[in-house]
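So the structure is just underneath, and the comments pick up after that.
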Amino acid sequence: MTMTIEHDETAGRFSAQVHGHLCVCDYRMRDGVMFITHTEVAPELEGQGLAAELVRTALAHARERGLKVRPLCSYVQAYVRRHPEVQDLLA
């Protein structure tokens, strides 16, 4: 499934509208560290890789900006464990 992810830096959110549902990956910044606090996809959209795509986008943003990441969201913690290629981003 293709989705367009928008980044609202002021709100600290990566988001996409998919079939009328808002999918989000929220974060807050402090001292060059992106604290990823929440990832949410509507239950009827789960299992389609949408949350993973939001997280990949957030992590790519962190890498491009030279930020470190602290995953507070359990989904992002699990994602990072499964993807060793992003573990260098961890604060």
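List of remarks:
- Single match in VAL69, VAL76 (criterion: at pLDDT 95 or above, surrounded by 11 or more Cβ atoms within 10 Å (Cβ to Cβ) and part of a strand (DSSP E or B)): VAL69
- The set of residues from region 47-56 being surrounded by fewer than 18 Cβ atoms within 10 Å (Cβ to Cβ) and on the phi < 0 side of the Ramachandran plot comprises GLN48, ALA52, ARG56.
Residue by residue, here is whether (1) among the aliphatic types (A, V, I, L, M); (2) out of contact with any helix residue (DSSP H, G or I) (no Cβ under 9 Å at 6 or more places or on another chain); (3) modelled with pLDDT under 95 holds:
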residue	(1), (2), (3)
MET3	yes, no, yes
ALA16	yes, no, no
ASP31	no, yes, no
PHE35	no, yes, no
GLU46	no, yes, yes
ALA52	yes, no, no
GLU64	no, yes, no
VAL80	yes, no, no
VAL86	yes, no, no
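- Single residue of GLU44, GLU40 found to be touching a strand residue (DSSP E or B) at 6+ places or on another chain (Cβ under 6 Å) and over 14 Å from LEU67 (Cβ atoms): GLU40
- Subset of region 16-43 [more than 17 Å from LEU72 (Cβ to Cβ) and either free of Cβ contacts under 8 Å to residues at least 24 places away in the same chain or assigned to a loop (DSSP other than H, G, I, E, B) (or both)]: GLN17, HIS19, GLY20, LEU22, VAL41, ALA42, PRO43
The values are calculated or read from the model by the stated rules, or taken from the named source; none is laboratory data. Worth saying up front: this structure is predicted, and the values here are computed from it rather than measured. FYI the Cβ positions are ideal-geometry reconstructions off the backbone, even for glycines, and counts take in every protein chain you see.
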